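Visitor: Sharing a structure with you now.
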Protein chains: 2
Amino acid sequence: MMRLGEFLGELKTFLKEDQIILDREGMAHFSYDATERQFMPQVVVLPNNTEEVSKIMRCAWKYEVPVTPQGGRTGLSGGGLPVKGGTVLSLLRFKRIIEIDEKNMIAVVEPGVISKDLQEALKAHNLFFPPDPSSTVESTIGGNVAENAGYTRAVKYGVTRDYVRGLEAVLPDGEIIHPGGKNAKNVAGYDLVSLLTGSEGTLAVITKIIFKLLPRPAIRRTIIVYLNNLPRAADIVLRVFQAGIVPCAIELLDNVTINAVADYINTPLRRDAEALVLIEVDGHLEKTVNAEAREIIPLCESVHGVVEVKLALDEEEANRFWTIRREALPALKALGKDHFEADVVVPHYELPFLVKFIGELEHGDAIKIATFGHAGDGNLHVTILYRRRNFTELDEAYRLLETVYRRTIEMGGSLTGEHGVGITVKDYLPLQIEETEMALMKRIKTAFDPKGILNPGKIFVD
Amino acid sequence: MMRLGEFLGELKTFLKEDQIILDREGMAHFSYDATERQFMPQVVVLPNNTEEVSKIMRCAWKYEVPVTPQGGRTGLSGGGLPVKGGTVLSLLRFKRIIEIDEKNMIAVVEPGVISKDLQEALKAHNLFFPPDPSSTVESTIGGNVAENAGYTRAVKYGVTRDYVRGLEAVLPDGEIIHPGGKNAKNVAGYDLVSLLTGSEGTLAVITKIIFKLLPRPAIRRTIIVYLNNLPRAADIVLRVFQAGIVPCAIELLDNVTINAVADYINTPLRRDAEALVLIEVDGHLEKTVNAEAREIIPLCESVHGVVEVKLALDEEEANRFWTIRREALPALKALGKDHFEADVVVPHYELPFLVKFIGELEHGDAIKIATFGHAGDGNLHVTILYRRRNFTELDEAYRLLETVYRRTIEMGGSLTGEHGVGITVKDYLPLQIEETEMALMKRIKTAFDPKGILNPGKIFVD
């Protein structure tokens, strides 16, 4: 039984007044995220350091108060929302870049640092942290780690987990652990670092992150490809990989998305194309990167169904190509409807076939489905646009979502590639994960959090 | 209480006679590994498929019989040794390369496949599985996954875990799970794939592995560098990285190792050098790789203490350079002594300083310490040569080992980078891992294996 009054009383013995928010207006700010759903907490706490987080957790443990760790609230699965009430533990004050260790190519960062600020800070050191969310302006590093975020560069550089070398984290009972470190390799005991990364704030509160960095690639070349045959986009991916080239991005937009972007921003676009593929290569030597780009162009041209291949002439044109991709979701949102965004992933060669399947789904005229995503990773963002208040459309949107999920599983895919399970996917997770495996995950959850106070209501169906 | 008689009786109802070994001579073959320690099992079982593994685990669970999964017995931490008796579960019959999926660049492999055989099979498809153990001739893929093996290419390509996308595994109670799959990204629930990889056979028996592959690099260039100042090797690593180049290998040998190799094989070597550094770059375009190699040479020449830099003229010379590195451990073993091999890892810039510290340790004349390792990863193999039957030397060797371990921890390092904890490191693990964290790892172990029957006696001090 939650004893909120005693919890609040004890909080006040070690937190300052401005660290505890209890008024409705103040709390409302922490009640929603990019899923556009809202859950009001009963209190919001804003600790300044790890010791305070530890004390808060000790109190929450003692008085059985649900705790939802929260970052920049740009999440797309509701991971930071206090669905069971209790307290939001906001990490927005954990804003320090503690260390940039050039010699070992390591950054030590607090979870509340904005992704973009870290990128900027690293530029001065000629270092590079590859995972770069579309929402860099607001998203926090802690959220990126909690959700194991991916983004456009994953095809070459991998996901967030590939860059987390060490953590400081507070367990649900308030104990502090320090798994991993600055080392490139480490097999001393179980890999708690990998387990905590992507655990969606359900196992521990991450209070410090040690990241591996890379030398900053100096050069990039961007290529845009239009096709009148969607599944043939799979062949582009295949031929590029077979040539021994690993681009840093291979993105795909379908015809609905192309047209939404064309309506939304003023940029020349082939509205009649069935698909648009964006390919980028990067590296540290100009001649190398140019050689790769020059190799990709004829490979693309030789693919049946390709109608245009264009290399960006300069940085400005490359940015214009990327704007098309970056504005895809805003353009779709601007259509003024509600939407589901399924974050499905399939083996990369299957992706254009999944896009085609989705494009051919039958549905009422009021509903639109747009798909775009990370073709090189097989990761698709299926955006089903409907009106929530129209129950026929809502029913149909749910039916379509489940159809997409079921087809994904049939193709050997996964229901979420980078957004997380949170509350948006958890009801569908049994489609993918066997009962034995879910039971095992619950036992792991219990090993960390026997009282179930940390981020309850996420991942697992109650 | 173990009920071995009943266990054996039930095994005989579903295994053939040649799948159960009970004679001492037959079992002896499964009683040792590369640690040169020996533990006799009470029975050895050789299942042919996952269903048989599941049935064996069900029986072991019922009759509380310790089960030690085992591969090619090339392990360096004793992970595959039946230290608590019971049964060895050998996976040597799991020999199938089930699928090489070119379009998705995926291999599906059974754990008993020899690493070298997988490499050979992939060549025909122009595909590449980067983790390549020195012991490819005998080591099995399952063991590589269980220990999260690293090897020389980790500096560019990462460790085994970075290539494991999915698993089939049998839990201690016989249930079968299938975490992950062929997908490049997956955040559906906790990352059981990463957790099982490197868990040293203590959480589940891995029966199938889904690997990510890369396009095969066509070209490599190898550079050998001699120094008369050991710590300056750190600057070589730093300058190469700072130039934006990520070599596929940066290896380091100290003077003792150089001389041991010079005595062991007939190859020209600078016996007076304090350090030898081997650098390799690879890629798919000849001009790119050549350009990187040409950039590295003057960078190395500009480092103080460097006495020679030489680019291998051809493949034959490159192989000769690599022979020096590959024969390091055999050359040291040929000195005819017993040895401890510490597999320590520190942030990469620290590594030459750790080597220097070790080189300056005081010890009796009868003892020799040789160090070599993966400089680009900060991973060192410290080889302490002594005679086990001479108690003075044995005592001193233990003292030196602990000194190396303590210094590693002071430098922010880890006691094992790629060999695993097993039985060789477990007594020292509390130097590195806090009590809270060890307790958490034990709770994870219990979440998988509440009866403690799977690979008991490993990682954790009893």
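Taken together, the values in this text are just the output of simple stated rules run on the coordinates, not laboratory data. Quick caveat, the model's predicted, so the values are computed rather than measured. So basically every Cβ, Gly included, is an ideal-geometry build from the backbone, and we count neighbours across all protein chains shown.
Visitor: So what does log10 I(q)/I(0) come out to for chain A at q = 0.07, 0.11 Å⁻¹, using the Debye formula with one equal point on every Cα and no solvent?
Guide: Rounded to two decimals, the profile gives -0.37, -0.92.
Visitor: How do the peptides B:448-458, B:410-420, A:295-305 rank, highest first, by the average count of neighbouring beta carbon atoms within 10 Å per residue?
Guide: Numbers: B:448-458: 21.3, B:410-420: 25.0, A:295-305: 16.1.
Packing order, densest peptide first, comes out as B:410-420, B:448-458, A:295-305.
Visitor: Let me know the mean shielding of B:429-436 by other chains, meaning the per-residue number of their Cβ atoms within 10 Å of its Cβ. Walk me through the numbers on the way to the answer.
Guide: Details: counts 2, 0, 1, 4, 6, 5, 1, 6.
The mean count of partner-chain Cβ atoms within 10 Å per residue comes to 3.
Visitor: What nm distances, shortest first, do you get from the label point of B:ARG294 to those in the other copies when the point sits 7 angstrom along Cα to Cβ?
Guide: 1.5
Visitor: Further question: Please compute the net charge surrounding A:LYS84, taking Lys and Arg as +1 and Asp and Glu as -1 over other residues with Cβ under 12 Å from its Cβ.
Guide: Numbers: positive: A:LYS458; negative: A:GLU64, A:ASP462.
Its environment carries a net charge of -1.
Visitor: Shortest first and in nm to one decimal, what separations exist between A:ARG239 and its copies in the other chains, measuring from label points 7 Å along the Cα-to-beta-carbon line?
Guide: Spacings between copies for this position, smallest first, are 4.3 nm.
Visitor: Continuing with the same structure: Amide H neighbours of B:GLU308 under 5 Å, at least 5 residues apart or on other chains, H built in the peptide plane: list them.
Guide: Distant-sequence amide H within range of B:GLU308: B:TYR226.
Visitor: Residues of A:193-202, mean number of Cβ from any other protein chain within 10 Å of their own Cβ, rounded to a whole number? Can you show the working numbers first?
Guide: On the way: counts 1, 8, 7, 2, 3, 7, 4, 3, 0, 1.
Mean inter-chain Cβ contacts per residue within 10 Å come to 4.
Visitor: At a Förster radius of 51 Å, what calculated FRET efficiency corresponds to the Cβ-Cβ distance of B:PHE391 and A:ARG3, to the nearest 0.05?
Guide: Values: r = 61 Å, r/R0 = 1.20.
Working from the Cβ atoms, E equals 0.25.
Visitor: So which trypsin sites (Lys or Arg not before Pro) in segment B:174-274 end up in coil per DSSP with only 12 or fewer other C-beta atoms within 10 Å?
Guide: Details: sites: B:LYS182, B:LYS185, B:LYS208, B:LYS212, B:ARG220, B:ARG221, B:ARG232, B:ARG239, B:ARG270, B:ARG271; in loops: B:LYS182, B:LYS185, B:ARG270, B:ARG271.
Taking segment B:174-274 and a limit of 12 other Cβ atoms within 10 Å, the loop trypsin sites (Lys or Arg not before Pro) found are B:ARG271.
Visitor: Could you tell me the center-to-center distance, by alpha carbons, between segment B:313-351 and segment A:1-53 in angstrom?
Guide: After rounding, the separation between the Cα centres reads 56 Å.
Visitor: Which value in deg cm²/dmol, rounded to the nearest 500, describes the helix-derived mean residue ellipticity at 222 nm for chain B, given -39,500 (n - 2.57) per DSSP H run of n ≥ 4 and division by the residue count? Intermediate values should be presented prior to the final figure.
Guide: Details: 16 runs with 153 residues, N = 462.
After summing the helix terms and dividing by residue count, I get -9500 deg cm²/dmol.
Visitor: May I ask you to derive the relative contact order of chain A, considering only C-alpha pairs under 8 Å and at least 6 residues apart, and to give it as an integer percent? Walk me through the intermediate numbers first.
Guide: Numbers: 989 pairs, mean separation 70.8, N = 462.
Relative contact order comes out at 15 percent.
Visitor: Distances over 23 Å make up what percent of all Cα-Cα pairs in segment A:97-215?
Guide: Numbers: 1534 of 7021 pairs.
Tail of the P(r) past 23 Å holds 22 percent of the pairs.
Visitor: Taking every residue in A:331-338, how many Cβ atoms of other protein chains lie within 10 Å of its Cβ, on average?
Guide: On the way: counts 0, 0, 0, 0, 0, 0, 0, 0.
Mean partner-chain Cβ count within 10 Å for A:331-338: 0.
Visitor: Separation of segment A:428-462 and segment A:202-270 by C-alpha centroid, Å?
Guide: Taking the Cα centre of segment A:202-270 as reference, the centre of segment A:428-462 is 33 Å away.
Visitor: Under 5 Å between amide H atoms, partner at least 5 residues away or on a different chain: which partners does A:GLY166 have, H built in plane at 1.01 Å?
Guide: Hits under the 5 Å cutoff: A:GLY181, A:ILE210.
Visitor: Shifting gears a bit: Mind listing the phi-derived Karplus ³J(HN,Hα) values for segment B:237-251, rounded to whole Hz, using 6.51, -1.76 and 1.60 with θ = phi - 60°, and x for any glycine or proline?
Guide: 4, 4, 5, 5, 4, 4, 6, x, 9, 10, x, 7, 7, 9, 10
Visitor: Once R0 is set to 41 Å, what does the formula 1/(1 + (r/R0)^6) return for the Cβ-Cβ distance between A:LYS451 and A:TYR32, expressed as a FRET efficiency to the nearest 0.05?
Guide: Working: r = 27 Å, r/R0 = 0.65.
So, using R0 = 41 Å, E works out to roughly 0.95.
Visitor: At 7 Å along the Cα-to-beta-carbon direction for both B:LEU335 and B:ARG58, put a label point, then send me their distance in nm to one decimal.
Guide: Each label point lies 7 Å from its Cα, and together they span 5.3 nm.
Visitor: Report, in listed order, any pair from A:LYS156/A:LYS212; B:LYS116/B:LYS451; A:LYS310/B:LYS103 with a Cα-Cα distance greater than 27 Å.
Guide: B:LYS116/B:LYS451
Visitor: Something else: From the phi of every residue in segment B:302-311, what ³J(HN,Hα) in whole Hz does the Karplus formula 6.51 cos²θ - 1.76 cosθ + 1.60 yield, where θ is phi - 60° and glycine or proline is x?
Guide: My calculation for segment B:302-311 gives 7, 7, 4, x, 7, 10, 7, 10, 9, 8 Hz in order.
Visitor: Given H placed on each backbone N at 1.01 Å, which residues far from B:ALA275 in sequence or on other chains put an amide H within less than 5 Å of it?
Guide: B:LEU227, B:ASN229
Visitor: While we're on this one: Pull up the DSSP beta bridges for segment A:4-90 and report the antiparallel fraction as a percent, rounded to 5. Please report the intermediate quantities before stating the final value.
Guide: Values: 3 of 10 bridges.
Given both bridge residues lie in segment A:4-90, the antiparallel proportion sits at roughly 30 percent.
Visitor: Let me ask another. Within segment A:184-223, list the residues whose amide N lies under 20 Å from a label point set 7 Å along Cα→Cβ of B:ILE219.
Guide: A:218-221
Visitor: Of the listed peptides B:342-350, B:311-319, what is their order by residue-averaged count of other C-beta atoms within 10 Å, with the highest listed first? Could the numbers behind the result be given before it?
Guide: Details: B:342-350: 25.4, B:311-319: 13.0.
Packing proxy ranking, top to bottom: B:342-350, B:311-319.
Visitor: Sorted by average packing, counted as other Cβ atoms within 10 angstrom per residue and highest first, what order do A:111-119, A:260-268 take?
Guide: Taking the mean over residues of other Cβ atoms within 10 Å, the ranking is A:111-119, A:260-268.
Visitor: Turning to a different aspect of this structure: How big is the Rg/Rh ratio for the protein assembly as shown, C-alpha atoms only, Rh by Kirkwood, two decimals?
Guide: Values: Rg = 27.8 Å, Rh = 28.8 Å.
Computed over Cα atoms, the ratio is 0.96.
Visitor: Taking the Cα-to-Cβ direction at A:THR436 and at B:VAL461 and moving 7 Å from each Cα, how far apart do the two end points lie in nm?
Guide: Placing both labels 7 Å along Cα→Cβ, they lie 3.6 nm apart.
Visitor: Let me ask another. Report the calculated FRET efficiency for B:THR267 and A:ALA121 (r = Cβ-Cβ distance, R0 = 45 Å), to the nearest 0.05. Show your work: numbers first, answer last.
Guide: Details: r = 47 Å, r/R0 = 1.04.
For B:THR267 and A:ALA121, the calculated efficiency is 0.45.
Visitor: Another question, if that's okay. Could you go through segment A:327-344 in sequence order and give the Karplus-derived ³J(HN,Hα) for each residue, using 6.51 cos²θ - 1.76 cosθ + 1.60 with θ = phi - 60°, rounded to whole Hz, and x for Gly and Pro?
Guide: After applying 6.51 cos²θ - 1.76 cosθ + 1.60, I find 8, 4, 5, x, 4, 5, 5, 5, 5, x, 10, 6, 8, 9, 10, 7, 10, 7 Hz.
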